[in-house]
Each structure stands twice: as structure tokens, then as C-alpha cells.
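One structure is given here, and the rest of the page talks about it.
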Amino acid sequence: MQNALTAFIVELGARIQNYGYCLANPSYLKVRSGQGCADIYRLLNKEWFPKDKVRLVLDVGANEGQFINTSLALMPDIPIYAFEPNPNLIERLHKRYDDLNVKILPFALGEKPRKALLNVSKFSPSSSFLKGDSQLSAEFPEIIFEEVAEVEIKRLDSLVLDDIELRDLLLKIDVQGFELDVLRGAVGVLDRILVIVCEANFACLYENQCAFEEIILFLRAHNFYLIDIGSPIRSRHSQEVLYLDLAFIKK
């Protein structure tokens, strides 16, 4: 009885706290309603994030626009360049965002410019250039890879994005184990980036994925330091951390 009462009080306190956060941040309501990334909103909606200095957002792995919506809620006047190679999502993204300050770019980013095979999942956020590991299937049996699509990969630091100057950037990366490849293809513009938000796997979910330690060491070598982390996604079986978002800021 006491345990049930304690759990109820904890849950009630969390609900009250969340209600207070919504009142203080009205734009969070739209994000929390399923149209954005609530955890990344909370991650970036802090004093350390130089929101007033960001001039351009690069969304690498845009999927269905979850981070686009989050960015529009936090910084409605800042243009967004969204990279998404999944052919099943590109038309949908154009329909949703072509009338907004958003540019959809239908290719992937990486270290070596080339054509590559994208493993397309029925659950689109899990699509990856890497094959799923056994732990991915064990944790998320609903993830089924239905097809393979040949897509184009380009280097970020080789791109000329219309007449927009690549500086004072917020770079978000969510590419299912391919994060380090994206960063290596961005070395020529890392000095123009203010903040990087990067999803990192702690558990082995994809074959040959980069480790979160590799991401931290790579960015530390380029004068970025880890300033904050998002809420971890944990195993439903062991409660180990599977993945979370890391936030880095330029020194």
C-alpha cells in the first residue's frame, strides 16, 4: 500500500512539474503533442544554448520532420536545411514544409561521396546504412527492414547551399550508428558550428556502428565539449541505456 502511494505521489509531482513547464513554455505544447522531439526541446531550451546566435539549422536525418517541428518551436525565424535520403519520406516532407522556411535535401551526408544502400525500415526512424544487430531485434521486435534503396551520400563540407553562408550553425544528427561518418564529412565546416546535437548508441544496435566514446573523442579533438545529455532510452528488459542525445558546444 505504501509503495503504491509513493508511486502515485511521484507521478502526480511529475505531472504538476510538466504542467508548469508547459505554462512557462507555450511552444512546448505543440512539440509534446506528438509533432516534435519533446526531449530535444527540453535539452536545448536552457541557458547554455546560444539560441540568439544560431543563423542556420542543419537537420541530418530529418525522418518525418520531428526535429524540424522542434526547431520551428524554439527558433521560428531561423531557416532549416533538412537532409533525408529515404525515398518514402521525401514527398511527405515537401508537402509539410515547402511553404515554410525549410529546405528539403533528398540525400544523405557522410565521409565519402558515393551511392550507398539504405536499409529501409517499416518504422522509418530505424532506417540505416548499417544492418540491425541482434540486440535491436531483441529490444524492438516491431522493427522490420522491408526494402533496400540506393541513395546518394555527400560531404557536408563540400556543399554550397544556395546563397546561404554556412556559419553559426546548429547541427543535429540522428542517423542510426552512422554519426561519426557524418562528422568526418563535416570537418571543413566544424569551425562554423556553434552546437551539435547527436544521437549516440550505448548498446550495440547496428552492425559496425560508431561508439558514443568515439563521437565524444572526435568532437573533443575539434574543440567541442559535451555540455548536456538528453533523457536515455532504456532496455525494457535490463534497464540498461540503449541510446540518448548528446549536446556539444564549441569551446
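The values are calculated or read from the model by the stated rules, or taken from the named source; none is laboratory data. Computed from a predicted model, the values in this text were never measured in an experiment. Note that we place each Cβ from the backbone using ideal geometry, even for glycine, and neighbour counts take in every protein chain shown.
Of all residues in region 198-228, how many are part of a strand (DSSP E or B) and free of Cβ contacts under 8 Å to residues at least 40 places away in the same chain?
Within region 198-228, the subset part of a strand (DSSP E or B) is 198-201, 206, 224-228.
Retained after the next criterion (residues that are free of Cβ contacts under 8 Å to residues at least 40 places away in the same chain): 224-226.
Counting residues in region 198-228 that are part of a strand (DSSP E or B) and free of Cβ contacts under 8 Å to residues at least 40 places away in the same chain gives 3.
Kindly indicate whether Ile216 is more than 20 Å from Ile78 (Cβ to Cβ) and not small (Gly, Ala, Ser). Lay out the reasoning, then the answer.
Numbers: more than 20 Å from Ile78 (Cβ to Cβ): yes; not small (Gly, Ala, Ser): yes.
When the stated conditions are applied, Ile216 passes them.
From the list Asn45, Asn88, Asn69, which residue is under 20 Å from Phe178 (Cβ atoms), touching a residue at least 12 places away in the same chain (Cβ under 8 Å) and assigned by TED's automatic domain parsing to the domain that holds Ala200? Explain how you work it out, then say what you get.
Numbers: Asn45 fails: under 20 Å from Phe178 (Cβ atoms); Asn69 fails: under 20 Å from Phe178 (Cβ atoms).
The conditions single out Asn88.
I need the full set of residues from region 98-118 which are outside any loop (DSSP other than H, G, I, E, B), farther than 22 Å from Arg55 by Cα and of a type in the set (Lys, Arg), in order please.
Matches in region 98-118: Arg114, Lys115.
For the condition basic (Lys, Arg) and under 14 Å from Gly177 (Cα atoms), what is the one hit in Lys112, Lys131, Lys103, Lys154? Spell out how you get there, then give the answer.
Numbers: Lys112 fails: under 14 Å from Gly177 (Cα atoms); Lys103 fails: under 14 Å from Gly177 (Cα atoms); Lys154 fails: under 14 Å from Gly177 (Cα atoms).
Just one listed residue meets the conditions, Lys131.
Can you tell me which residue is nearest to Leu169 (Cα to Cα) among those in region 42-80 that are among the aromatic types (Phe, Trp, Tyr) and surrounded by fewer than 22 Cβ atoms within 10 Å (Cβ to Cβ)?
The first filter runs over region 42-80 and keeps only residues among the aromatic types (Phe, Trp, Tyr), leaving 48-49, 67.
So of that shortlist, the ones also surrounded by fewer than 22 Cβ atoms within 10 Å (Cβ to Cβ) come out as 48-49.
Details: Trp48: 15, Phe49: 12 Å.
Residue satisfying both the conditions and the ranking: Phe49.
Please specify each residue of region 81-101 satisfying the condition of being aliphatic (A, V, I, L, M) and touching a Phe, Trp or Tyr at 6+ places or on another chain (Cβ under 8 Å). Lay out the reasoning, then the answer.
Our first condition is that a residue be aliphatic (A, V, I, L, M); within region 81-101, this holds for 82, 89-90, 93, 100.
The answer is Ala82, and nothing else.
Taking into account only those residues within region 175-195 that are part of a helix (DSSP H, G or I) and not aliphatic (A, V, I, L, M), which is surrounded by the most Cβ atoms within 10 Å (Cβ to Cβ)? First the steps, then the outcome.
Pass one, region 175-195, residues part of a helix (DSSP H, G or I): 179-184, 187-192.
Checking the rest, the ones that are also not aliphatic (A, V, I, L, M) come to 179, 181, 184, 188, 191-192.
On the way: Glu179: 25, Asp181: 21, Arg184: 16, Gly188: 13, Asp191: 10, Arg192: 17.
Filtering region 175-195 for residues that are part of a helix (DSSP H, G or I) and not aliphatic (A, V, I, L, M), the one surrounded by the most Cβ atoms within 10 Å (Cβ to Cβ) comes out as Glu179.
On the given criteria, is Phe49 within 17 Å of the chain's Cα centre (by Cα) and assigned to a loop (DSSP other than H, G, I, E, B)?
Details: within 17 Å of the chain's Cα centre (by Cα): yes; assigned to a loop (DSSP other than H, G, I, E, B): yes.
Against the criterion (within 17 Å of the chain's Cα centre (by Cα) and assigned to a loop (DSSP other than H, G, I, E, B)), Phe49 qualifies.
Count, please, the residues in region 132-154 that happen to be more than 21 Å from Pro87 (Cβ to Cβ) and assigned to a loop (DSSP other than H, G, I, E, B).
First, pick out the residues of region 132-154 that are more than 21 Å from Pro87 (Cβ to Cβ): 133-142.
The next check asks that each one be assigned to a loop (DSSP other than H, G, I, E, B); those that pass are 133, 140-142.
Count: 4.
Consider Ile215 carefully, then state whether it is of a type outside the set (S, T, N, Q) and surrounded by fewer than 22 Cβ atoms within 10 Å (Cβ to Cβ). So that I can check it myself, show each step before the final result.
Details: of a type outside the set (S, T, N, Q): yes; surrounded by fewer than 22 Cβ atoms within 10 Å (Cβ to Cβ): no.
When the stated conditions are applied, Ile215 does not pass them.
For residues that are touching a Leu at 6+ places or on another chain (Cβ under 7 Å) and either surrounded by 22 or more Cβ atoms within 10 Å (Cβ to Cβ) or not β-branched (Val, Ile, Thr) (or both), tally how many sit in region 133-152.
Just the residues of region 133-152 that are touching a Leu at 6+ places or on another chain (Cβ under 7 Å), to begin with: 133, 135-136, 139, 143, 148-151.
Next, from what is left, pick out any that are either surrounded by 22 or more Cβ atoms within 10 Å (Cβ to Cβ) or not β-branched (Val, Ile, Thr) (or both): 133, 135-136, 139, 149-150.
So the count comes out to 6.
Quick one: is Glu207 farther than 27 Å from Trp48 by Cβ, at pLDDT 95 or above and in the same structural domain as Ile78 (by TED's automatic domain parsing)?
Values: farther than 27 Å from Trp48 by Cβ: yes; at pLDDT 95 or above: yes; in the same structural domain as Ile78 (by TED's automatic domain parsing): yes.
Yes.
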